[in-house]
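Single-structure report; data block below.
The values are calculated or read from the model by the stated rules, or taken from the named source; none is laboratory data. Since the model is a prediction, treat every value here as computed from it, not as a measurement. Using ideal geometry, Cβ is built from the backbone for each residue, glycine included, and neighbour counts are taken over all protein chains shown.
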Ligand SMILES: NC(=O)c1ccc[n+]([C@@H]2O[C@H](COP(=O)([O-])OP(=O)(O)OC[C@H]3O[C@@H](n4cnc5c(N)ncnc54)[C@H](OP(=O)(O)O)[C@@H]3O)[C@@H](O)[C@H]2O)c1
């Protein structure tokens, strides 16, 4: 059995550890966006496949027997490609996607939007000192904000020259509510933008916002490809893989 894990998330790395521990041959695939990625257990390949066609060819060439799409909830293109490849090859595909933050008690009070552009518009009406945590790919949507303080937190440096009134923090979680509260208080943040990534690593900012009364603008997840079985934890995904045998 050879399992291809489409990765780039903590859940994907945990799944790789679980499966390698069970003696399963695992190939984890990373997009190659981050300069120093956390490397999963087992074999690793890095870089795009070249669309659906490339993914199908890769799966056939490497005799892949099961695929787990454990990519980030907002990595919708690779998930769509994985679903299309599955329909073409018939190789079993599972989606591993961590639960979102919509079950938090403060979620009803957030400003839910569908796109980063909407987040920019709504946040622009709510405040003037903005904490942006919607990720590197979303940054250009905020580019017109050259007239206000913007605190941006990224895992890797921005790939363009951001406006000089922005402060960029390059950090990787986990964060705790105390330090998030101190950061937001110190920078006098009056609105937070984020996306519904879910997970505990970056959740503390939401508690800090709730404690400080800072409004939250949050981007909903893109729709998942239809007809693909889904689980929420690496343990469930490992059990699914082990029953493929
Ligand atoms: N989007 C986020 O907010 C976010 C946050 C944390 C981590 N990540 C991780 O970063 C990676 C890229 O995210 P994205 O939002 O840029 O993806 P995306 O928009 O869904 O994918 C764009 C293209 O990148 C390549 N790609 C994406 N994930 C890949 C993987 N795991 N292995 C090989 N190729 C991959 C594919 O290229 P080809 O078509 O050439 O195959 C895909 O068509 C993902 O692995 C994801 O798990 C994303």
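Of the residues 144, 121, the single one that is assigned to a helix (DSSP H, G or I), surrounded by fewer than 16 Cβ atoms within 10 Å (Cβ to Cβ) and more than 16 Å from the ligand (Cβ to nearest atom) is 121. Filter the range 20-36 down to the residues that are more than 18 Å from residue 79 (Cα to Cα) and within 13 Å of the ligand (Cβ to nearest atom), then identify the one that is surrounded by the most Cβ atoms within 10 Å (Cβ to Cβ). Ranking the candidates gives 34 first. Somewhere in the range 171-178, is a residue farther than 24 Å from residue 100 by Cα, assigned by TED's automatic domain parsing to the domain that holds residue 125 and buried (at least 17 other Cβ atoms within 10 Å of the Cβ)? The answer is no, given that none of the residues of the range 171-178 is farther than 24 Å from residue 100 by Cα, assigned by TED's automatic domain parsing to the domain that holds residue 125 and buried (at least 17 other Cβ atoms within 10 Å of the Cβ).
With the condition kept exactly as written, say whether any residue in the range 10-19 is part of a helix (DSSP H, G or I) and within 9 Å of the ligand (Cβ to nearest atom). Looking for residues that are part of a helix (DSSP H, G or I) and within 9 Å of the ligand (Cβ to nearest atom), one finds at least one in the range 10-19, hence yes. If you go through the range 161-178 and pick out every residue that is over 13 Å from residue 142 (Cβ atoms) and in a loop (DSSP other than H, G, I, E, B), you end up with 8. Residue-level check: of (1) in the same structural domain as residue 134 (by TED's automatic domain parsing); (2) without any contact (Cβ under 8 Å) to a residue 24 or more places away in the chain, residue 77 misses just (1). Hey, residue 51 hits all of (1) more than 25 Å from residue 172 (Cβ to Cβ); (2) surrounded by 18 or more Cβ atoms within 10 Å (Cβ to Cβ); (3) within 8 Å of the ligand (Cβ to nearest atom) but one; which does it fall short on? Only one criterion is unmet by residue 51, namely (2).
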